[in-house]
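Visitor: The structure follows.
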Amino acid sequence: METSLRKLITFSVMSLLLSQPVFAADQEIALFIHAHQFQPSELKVPAHQRIRLAVKNLDDTPEEFESHALNREKLIPAGGSAVIYIGPLKPGRYDFFGEFNPSSAKGVVIVE
């Protein structure tokens, strides 16, 4: 009986884990922050795919990736990095900016 209960619990846990959504991205894009600017400032990505933005802050001050169009906000520490998932997106232009340096840290995701 104990073996059957153990199998039932194992099966239940595995079923629960396998039924969860997968957050893998179709494509990874590197984005850098240098001299309070995003580089590259224009990212072209395919429509209807999940994208993994690997953001590396090369500055000695923090920056916050902000995008109302993408509904994303993420603090990138000085000298640090972060991952931001976006999409899948419909074709169009999606602006983003640096919350701490909005006049210089600007960019756009162009979805084709």
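Visitor: Against the definition (buried (at least 18 other Cβ atoms within 10 Å of the Cβ) and modelled with pLDDT of 95 or more), how does Val109 come out, yes or no?
Guide: yes
Visitor: Pick from Asn101, Asn57, Asn71: which is surrounded by 16 or more Cβ atoms within 10 Å (Cβ to Cβ), within 24 Å of Asp26 (Cα to Cα) and among the polar types (S, T, N, Q)?
Guide: That would be Asn57, the only listed residue that is surrounded by 16 or more Cβ atoms within 10 Å (Cβ to Cβ), within 24 Å of Asp26 (Cα to Cα) and among the polar types (S, T, N, Q).
Visitor: Here's a check for you: in the range 52-95, which residue that is outside any loop (DSSP other than H, G, I, E, B) and of a type in the set (Asp, Glu) is farthest from Ser41 (Cα to Cα)?
Guide: Applying the filter and picking the extreme gives Glu73.
The values are calculated or read from the model by the stated rules, or taken from the named source; none is laboratory data. Note that the structure is predicted; figures quoted are calculated from it, not measured. Neighbour counts are summed over all protein chains in view; Cβ atoms, including those assigned to glycine, are modelled from backbone coordinates with ideal geometry.
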